[in-house]
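The structure under discussion appears below in the form of structure tokens.
The values are calculated or read from the model by the stated rules, or taken from the named source; none is laboratory data. Model, not experiment: these values are computed from the prediction. Note that each Cβ is placed from the backbone with ideal geometry, even for glycine, and that neighbours are counted across all protein chains shown.
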């Protein structure tokens, strides 16, 4: 059961409005396109989840949690009887590769690659679990859509 709706990110709404009113410079245009691709990937994830079924879980999409004094954004949290699964969604285009633990797009290393974001988000939930004294599993997966 979906608990939260996925909404357009504020930064994407802002960039769309700005693009409608004026010509964007190259950096702003590239950022807008990156945000558009990201949102498209999240919508594709939601469609697949809808097709496969999700009746025995609670799904929080695009949720922000303040854990330990810092705010973390989660693309999707799936809560079941056995625990919480963190899902990180990426929608990459162009030439992408993984070498060791580093992700690249072209010759540029991605500082916020999916596995790093996933470890950080799952780690915060594990710290919250420990602080509250609860016993539930925390797992994570990332889904990328390479074009």
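Quick look at the values:
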quantity	calculated
Counted residues, the range 67-105 - those being over 23 Å from residue 49 (Cβ atoms) and part of a loop (DSSP other than H, G, I, E, B)	6
Members of the range 64-75 found to be out of contact with any helix residue (DSSP H, G or I) (no Cβ under 7 Å at 6 or more places or on another chain) and surrounded by 15 or more Cβ atoms within 10 Å (Cβ to Cβ), listed by number	65
Single residue of 34, 23 found to be more than 24 Å from residue 138 (Cα to Cα) and not in a helix (DSSP H, G or I)	23
When residues of the range 106-144 are limited to those that are closer than 18 Å to residue 41 by Cα, touching a strand residue (DSSP E or B) at 6+ places or on another chain (Cβ under 7 Å) and outside any helix (DSSP H, G or I), the one modelled with the highest pLDDT	140
Some residue of the range 47-59 being touching a residue at least 60 places away in the same chain (Cβ under 8 Å) and surrounded by 11 or more Cβ atoms within 10 Å (Cβ to Cβ)	no
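The rows are residues; the columns are (1) surrounded by fewer than 12 Cβ atoms within 10 Å (Cβ to Cβ); (2) out of contact with any helix residue (DSSP H, G or I) (no Cβ under 8 Å at 6 or more places or on another chain).
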{"site": "1", "(1), (2)": "yes, yes"}
{"site": "8", "(1), (2)": "no, no"}
{"site": "18", "(1), (2)": "no, no"}
{"site": "26", "(1), (2)": "yes, yes"}
{"site": "29", "(1), (2)": "no, no"}
{"site": "35", "(1), (2)": "no, no"}
{"site": "40", "(1), (2)": "no, yes"}
{"site": "44", "(1), (2)": "no, yes"}
